[in-house]
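Let me begin by presenting the structure, written as structure tokens, before commenting on it.
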Amino acid sequence: MPHTPNTGNWIGLIALGLIWGASFPGVTIALEGFSPVWVAAGRILIGAVTLSLIAVAMGVKLRMSPAIMAFAAGMGVLSNALPFFLLSWSQQHVTSGFAGITMAAIPLFVIGLAHFLVQGETLTRQKAIGFVLGLVGVAVLIGPGVFAASGSEFEAAARVGCLAAALSYAVGAIITRRCPDVHPVGFGVLALWVASAIMLPAALVTDGMPPMVDIRPLLALLYLGLLPTGFATLLLVGIIRSAGPSFLSQVNYHVPVWSVLLGVIFLAEDLPGRFILALAIIIAGLMLARRKGLQARAPA
């Protein structure tokens, strides 16, 4: 049973936010040497191997019933293969900070989808107001000129691509929530191998064998596979078991902030005021949607 969060839990939460936030600059750097499809395929394969080794070390036994495999396939496609490719392609045309900020919309999408797909997750008036406020933030982020290309020829499509990746993550989260009871590390292993079975052939067919690249993009790809895709799952499981899923959900506030800061510091990316305003509105909407009522129900 989860306990009151301790110092170790807070350190783990910050570390998880940093690891996931750094994945967006990591993708930008990996794209210096690899195509988008190989960035996605490479990080998934490295993540699958990493998480498999962690599962063996933990003594986790894989359960592979038809129902579990069906849910693992859904997670592999919607939480790994599709969003990883969409983000890799999109980050050729938008900054890593922009891509990271769009991820703040994931829990808002989950709230909206859960109303229809998860029993007991009704969209209350407070949740609905928070959801709408968050969507206003998304609209501010994407901008009024979303269908008019500016800068890169594909910038408008890339903005939509980032948002589509966030929506894909949200649907994947709903699928994971509805999965039969299974160890999360074992479930993650199955999902990553399903995603590998999809992305590796796709990369080989579209781009052939990966090229010989400089050390910088290679290290970025290794980082993406080892930490955000592989090791982060172990950290996530530890936090959930110790402090509970509600505490873990706070990582949604950290990831976009880290992605923006690291993009500015290490990639010298611009930070338009519109991005900061959008992030503030999205997080405000998320906080409102998740806030418990002020009046607690009296014990029965």
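Nothing in this text is a laboratory measurement; each read-out follows from the coordinates by a stated rule. Source: prediction; values computed, not measured. Quick reminder, even Gly has a Cβ in these numbers, built from the backbone with ideal geometry, and neighbours come from all protein chains shown.
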*Approximate spin-label separation VAL56-ALA284, in nm, with each point projected 7 Å along Cα-to-Cβ*: 5.1
*asked:* I need the helices of the chain that pass two filters: whole DSSP H segments spanning 15 Å or more by Cα along the axis, and mean Kyte-Doolittle score no lower than -1.0.
replied: 7-21, 36-58, 106-117, 125-142, 155-177, 184-207, 232-243, 251-267, 273-290
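Contour minus end-to-end for SER65 and THR7, with contour as 0.36 nm per residue of separation and end-to-end as the Cα-Cα distance?
17.0 nm is the gain from fully extending SER65 to THR7.
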*For the chain, which longest stretch is free of loop sites, where a loop site is one of the GluC sites (Glu not before Pro) that DSSP puts outside H, G, I, E and B and that has at most 15 other Cβ atoms within 10 Å?*
154-300
*asked:* With an 8 Å Cα cut-off and a minimum separation of 6 or more residues, compute the relative contact order for region 7-290 in percent.
replied: 44
*Sorted by Cβ neighbour density within 10 Å, fewest at the top, the residues LEU78, LEU204, LEU288, LEU51*: LEU204, LEU288, LEU78, LEU51
*Say R0 is 35 Å: what FRET efficiency, to the nearest 0.05, do ASP270 and ASP214 get from their beta-carbon distance?*
0.90
*Between GLU32 and LEU277, what is the label-to-label distance in nm when each label sits 7 Å out along the Cα-to-Cβ direction?*
3.4
*Under a plain spin-label model, where a point goes 7 Å from the Cα along Cα-to-Cβ, how far apart in nm are HIS183 and ARG241?*
0.9
_For region 163-268, take the convex hull of the Cα atoms, compute a quarter of its surface area, and give me that in nm², please._
8.9
*Correct option for Kirkwood radius over Cα pairs in Å [calculated from the coordinates] among [x] 19.7; [y] 21.0; [z] 19.2*: [x]
